Amino acid sequence: MAKKETETIINTNLKSYKADTPLGERKIVATSEKGKTYRIKFDKIKPSAVYAIDGNIITEGDKCDKLVLVESNISQNTWIEIFVELKGKDVDHAVTQLKATVDKPVFKHNTIEKLWARIVAQSYPKNTGNSTIERARDYFRKKNIDFKQGRIVLEETV
């Protein structure tokens, strides 16, 4: 008898979309665009995949660039969704794009344990006490979404 494939967001919601980096077991996964890079390193080999959102999964309206999926707990079949916007200088628009993307129904699945939002930009506006980044941090915190930003390269280890 054939082994039943475990249901995931990849083989349900995203099955009709081609991955930039197909599902595979790896120790590092990265995505880059125009000199900006998001990279995540794992403490041990984990299943992961990268999808282009802009022009692939979502073709109209505001949307972020990439979706990185990482299996967070193999025995429980739970995943981390990492929404990534790789930007030059328009950080306000990057935040708008992330906000517009995280709530799309195509990204909702019962195996998603955590949501992360990441901006990697060439530069950021000066902090004036109520900056775009501070407002974004508050917005995502209220939605229980982990938010971080980096300049040119954002690298994390999980």
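Quick note: the coordinates plus some simple rules give every number you see, no bench work behind them. Everything numeric in this text was worked out from a predicted model, so none of it was measured. So basically every Cβ, Gly included, is an ideal-geometry build from the backbone, and we count neighbours across all protein chains shown.
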(message) Checking the cross-link filter: which lysines have an alpha carbon closer than 20 Å to that of Lys41, excluding same-chain neighbours under 8 positions apart?
(response) Lys27, Lys66, Lys114, Lys148
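Between Glu33 and Ser75, what FRET efficiency follows from the Cβ-Cβ distance if R0 is 41 Å, with the result rounded to 0.05? List each step's numbers first, then the result.
Numbers: r = 34 Å, r/R0 = 0.83.
Working from the Cβ atoms, E equals 0.75.
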(request) Compute the signed sum of charges (Lys and Arg +1, Asp and Glu -1) over the other residues within less than 9 Å, Cβ to Cβ, of Glu156. (result) +3
(message) Using the Cα atoms of region 41-157, I'd like the radius of gyration and the largest Cα-Cα distance, Dmax, both in angstrom.
(response) 14.3, 45
(request) Kindly express, to the nearest 10 degrees and within the range 0 to 90, the angle between helix 91-102's C-alpha long axis and the longest C-alpha principal axis of the chain. (result) 30 degrees
(request) State the Cα centre-to-centre distance between region 106-158 and region 61-92 in whole Å. (result) 10 Å
(request) Return the Cα extents of region 1-75 along principal axes one, two and three, sorted largest first, each rounded to a whole Å. (result) 44, 29, 15
(request) Given the options Ser75, Ser48, Ser32, state which has the largest fluctuation in a GNM of the chain using a 10 Å cut-off (strictly under) for Cα springs. (result) Ser75
(message) Between helix 132-142 and the chain, what is the angle of the helix's C-alpha long axis to the longest principal axis, kept within 0 to 90° and rounded to the nearest 10?
(response) 40 degrees
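Summing +1 for each Lys or Arg and -1 for each Asp or Glu, what net charge is found among the other residues whose Cβ lies under 13 Å from the Cβ of Thr37?
+3
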(request) Sticking with the crude label model, points 7 Å out along Cα→Cβ, report the distance from Ser123 to Arg141 in nm, one decimal please. (result) 2.8 nm
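Counting only other residues whose beta carbon sits under 11 Å from that of Lys46, what net charge do I get with K and R as +1, D and E as -1?
On the way: positive: Arg26, Lys27, Lys41, Lys44; negative: Glu25, Asp43, Glu71.
In short, +1.
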